[in-house]
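First up is the structure itself, then whatever we jot down about it.
The values are calculated or read from the model by the stated rules, or taken from the named source; none is laboratory data. Since we're looking at a predicted model, the values are computed, not measured. A quick note on method: Cβ atoms are made from the backbone with ideal geometry, for glycine too, and the neighbour counts reach across all protein chains shown. Note: accessible area is taken over every heavy atom of the protein model, side chains too, but ligands, DNA and RNA are not part of it. Shrake-Rupley method; radii C 1.70, N 1.55, O 1.52, S 1.80 Å.
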Amino acid sequence: MAEAAAEKRFGELPQETRWLIRAHAAAADNISLFFGEDIFIAVGSILLITASLRSSGVAVQPFDLSLWAIPTAVLALVVHGVRLMLLDRRLARELRAVSVPEAAE
């Protein structure tokens, strides 16, 4: 979807740009899954952390772990959102520079 949106905005994309967009789209998916899953109590990672802490003698409830995961997930969202905005600016700058000489011909 991101690749198609860029193509609609800028026209035909160089292969390197396609790979860059795909990489950032995959990173967005991985970041949202990695940090977002810790917010939900019934996900395996929360249950694994709870079990590991209990075996070490630390009593913790899954809900408490989920609450503490929220600030981390929000920060990851903000950081990656900034990365995507910077990517958008970079693509706009680079692809306009590539398309301007073609328009002058």
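Pairs linking a residue in segment 10-21 that is free of Cβ contacts under 8 Å to residues at least 40 places away in the same chain to a residue that is open to solvent by 30 Å² or more (accessible area, probe 1.4 Å) and part of a helix (DSSP H, G or I), with Cβ atoms under 8 Å and 6 or more positions apart or on different chains, are ARG18/GLU3.
Could you please find all residues in segment 63-80 being surrounded by 15 or more Cβ atoms within 10 Å (Cβ to Cβ) and farther than 30 Å from THR17 by Cα?
Across segment 63-80, the qualifying residues are LEU65, SER66, ALA69.
Across segment 27-61, the qualifying residues are those that are touching a residue at least 24 places away in the same chain (Cβ under 8 Å) and outside any helix (DSSP H, G or I), and the one among them that is surrounded by the most Cβ atoms within 10 Å (Cβ to Cβ) is ILE41. Could we say that THR72 is in contact (Cβ under 8 Å) with a residue 40 or more places away in the chain, part of a helix (DSSP H, G or I) and of a type in the set (Ser, Thr, Tyr) here? Against the criterion (in contact (Cβ under 8 Å) with a residue 40 or more places away in the chain, part of a helix (DSSP H, G or I) and of a type in the set (Ser, Thr, Tyr)), THR72 does not qualify.
Answer yes or no as to whether ALA4 is more than 17 Å from the chain's Cα centre (by Cα), outside any helix (DSSP H, G or I) and either exposed (fewer than 12 other Cβ atoms within 10 Å of the Cβ) or of a type outside the set (Asp, Glu) (or both). For ALA4, the condition - more than 17 Å from the chain's Cα centre (by Cα), outside any helix (DSSP H, G or I) and either exposed (fewer than 12 other Cβ atoms within 10 Å of the Cβ) or of a type outside the set (Asp, Glu) (or both) - is not met. Looking across ARG83, ARG96, one residue alone is within 17 Å of GLU3 (Cα to Cα), assigned to a helix (DSSP H, G or I), open to solvent by 70 Å² or more (accessible area, probe 1.4 Å) and at pLDDT 90 or above. It is ARG83.
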